[in-house]
Amino acid sequence: MTDRSDMTPHKSKVNSSSDDSKSTFSNSASTPRNLDQDTMPAIDVRSIEKSYGEIQAVKGISFQVATGEVFAFLGPNGAGKTTTIRMLCTLTKPTGGSATVGGFDVVKQPTAVRRRIGLVFQEPTLDQQLTAEENLRFHAVLYRIPHEEVETRIDRVLRLVDLQDRRKDLVSTFSGGMARRLEIARGMLHTPAVLFLDEPTIGLDPQTRALMWQDVLRLRNEEGVTVFLTTHYMDEAEYADRIAIIDNGSIVALDIPDNLKKTVGSDTVELTTSNNGLAASNLEAKGFKVKTSEDNIVVFAENGEKQVTSIIETAEVPIQSVRVHRPNLDDVFLHFTGRQIREGHNERSFPMHFRGFGRR
Ligand SMILES: Nc1ncnc2c1ncn2[C@@H]1O[C@H](COP(=O)(O)OP(=O)(O)OP(=O)(O)O)[C@@H](O)[C@H]1O
Ligand SMILES: [Mg+2]
């Protein structure tokens, strides 16, 4: 028997009033561009909680994700990322609060939610002994994709992740990155409105992570899907429309990447000169904020790159080196949590050559 309550979306609207006293961020700064008063959010989470006995995995978090947004959940091991995804995908029942996905309540209308979502688990789940196509066909049967649509959808999703040529190959012959991209294709096969990706890039080399992000942005741009993904890689989170930083079961910051970076201060221009003392006093005389150390001087400047010429001219001494530092998400994470996301973990080699691929 069909449960009618599972077919009618909950009538919550973006920015409708919420007495969520735990939320520490203003809507104005963190509202994505295509969100307005009358648009129902793709994901609406209100004070959701999950405890396992004594362990409070998720401590009453609230956020909304707009339709067509790429939303990243950034946090260290054990922060509560997978637990949140599992609650939103109806696999784990919250112990408090509520959430809707596509307008449907994850506890009261799980069937409707499941019809509208695609999920790529943190752990790989492909059948290694089947080909790419066979894995997709199996999924098509599970999701009851109409027979006449299956072929077109398989072609489409394989193209989205650029794996058309490997269609007939066994998954056991795939690289880790190819397998992960096939999982994303599979998650898209039944045209979900919202795609959940739990650590889609974990363990992949920087080149493959870049390709993965191209896929994600292409899905968003061409299929209009809303993407909720988790990661602990700072550099790649920047490509999301918005980022929530989660630590110890709580969201400690949520905003667009640029605003998050602004919270940790302005750019700095580091100079080494033939006479640091004189350079510093010349700069201070012209109103620059300067910190002098034994080896160099640091000038605090909005849009540091654009001000380099004027800083050098104002210093009026020979310059030996110049370095502009722009606050990055490492600084943001440190600022909000008091520690590095991964001590000693080098994330710097991620290629940025596909900047501009997305909408931004
Ligand atoms: N089924 C469970 N039973 C008991 N505790 C659990 C269970 N699932 C998760 N936890 C605990 O909840 C907390 C959050 O775990 P979760 O898997 O959500 O973290 P995560 O952010 O996804 O971490 P990772 O980056 O390592 O995947 C952890 O302390 C974890 O041990
Ligand atoms: Mg996890």
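Rule-based calculations on the coordinates, nothing more; no lab input. Treat the numbers as computed from the prediction; the structure is a model and nothing was measured. Positions of Cβ are backbone-derived with ideal geometry, glycine not excepted, and every protein chain shown enters the neighbour counts.
Considering the options 163, 174, 189, tell which one lies farthest towards the positive end of the dipole of the stretch 147-190, charges being +1 on Lys and Arg and -1 on Asp and Glu at the Cβ, about the Cα centre.
The listed residue farthest towards the positive side: 174.
Using modelled amide H (1.01 Å from N, peptide plane; none on Pro or chain starts), what sits under 5 Å from the amide H of residue 119, excluding residues fewer than 5 places away?
Under 5 Å from the amide H of residue 119 lie the amide H atoms of 196, each far enough along the sequence or on another chain.
Whole-Hz ³J(HN,Hα) for each residue in the stretch 233-240, computed from phi via Karplus 6.51 cos²θ - 1.76 cosθ + 1.60 with θ = phi - 60°, x for glycine and proline: what do you get?
Coupling constants for the stretch 233-240: 8, 4, 4, 7, 4, 4, 7, 6 Hz.
Obtain the nm distance between the two label points defined at residue 300 and residue 320 by a simple spin-label model: each point lies 7 Å from its Cα along the Cα-to-C-beta direction.
2.6
Can you work out the Karplus-derived ³J(HN,Hα) for every residue in the stretch 63-75? Use 6.51 cos²θ - 1.76 cosθ + 1.60 with θ = phi - 60°, whole Hz, and x for glycine or proline.
After applying 6.51 cos²θ - 1.76 cosθ + 1.60, I find 6, 10, 10, 7, 4, x, 8, 9, 10, 10, 9, 10, x Hz.
Within the stretch 256-281, which residues have the backbone N less than 19 Å from the label spot 7 Å out from residue 292 along Cα→beta-carbon, could you tell me?
Output list for this probe position: 269-281.
Per-residue counts of other Cβ atoms within 10 Å, averaged by peptide: what ranking do you get for 287-295, 154-162, 196-204, 331-339, highest first?
Highest-to-lowest ranking by the protection proxy: 196-204, 154-162, 331-339, 287-295.
Any idea how far apart residue 248 and residue 275 come out in nm if each label point goes 7 Å out from Cα toward Cβ?
Simple spin-label model gives 5.1 nm for this pair.
If R₀ is 30 angstrom, what is the calculated FRET efficiency for the pair residue 155 and residue 108, using the beta carbon separation as r and rounding to 0.05?
Efficiency, rounded to the nearest 0.05: 0.25.
Rounded, prolate or oblate: which fits the stretch 115-169 when a ≥ b ≥ c are the square roots of the eigenvalues of the alpha-carbon gyration tensor, with rounded for a/c under 1.5 and prolate only if a/b beats b/c?
rounded
Would you pull out the residues with amide H under 5 Å of residue 247's amide H, same chain only if 5 or more places away, H placed 1.01 Å from N?
The answer is 252.
May I ask you to compute the full-extension gain from residue 144 to residue 172, defined as 0.36 nm times their residue separation minus their alpha-carbon distance, rounded to one decimal in nm?
7.5 nm
Which whole-number percentage describes the relative contact order of the stretch 124-184, with Cα contacts under 8 Å and a sequence gap of 6 or more?
53
If I model a spin label at residue 284 and residue 55 as a point 7 Å from the Cα along the Cα→Cβ vector, what separation in nanometres do I get?
5.3
Got a sec to turn the phi values of the stretch 108-122 into Karplus ³J(HN,Hα) couplings, 6.51 cos²θ - 1.76 cosθ + 1.60 with θ = phi - 60°, whole Hz, x for Gly and Pro?
7, 10, x, 5, 5, 4, 4, 5, 9, 10, x, 9, 10, 6, 4
Over the stretch 4-256, calculate the relative contact order: mean separation of alpha carbon pairs under 8 Å at least 6 apart, over the residue count, as a percent.
Once normalised by length, the contact order is 27 percent.
With a ≥ b ≥ c the root eigenvalues of the C-alpha gyration tensor of the stretch 266-326, is it rounded (a/c under 1.5), prolate (a/b larger than b/c) or oblate?
rounded
Say the cut-off is 27 Å between C-alpha atoms; which of 50/261; 262/286; 81/168; 93/168; 93/261 go over it?
The answer is 50/261; 81/168; 93/168; 93/261.
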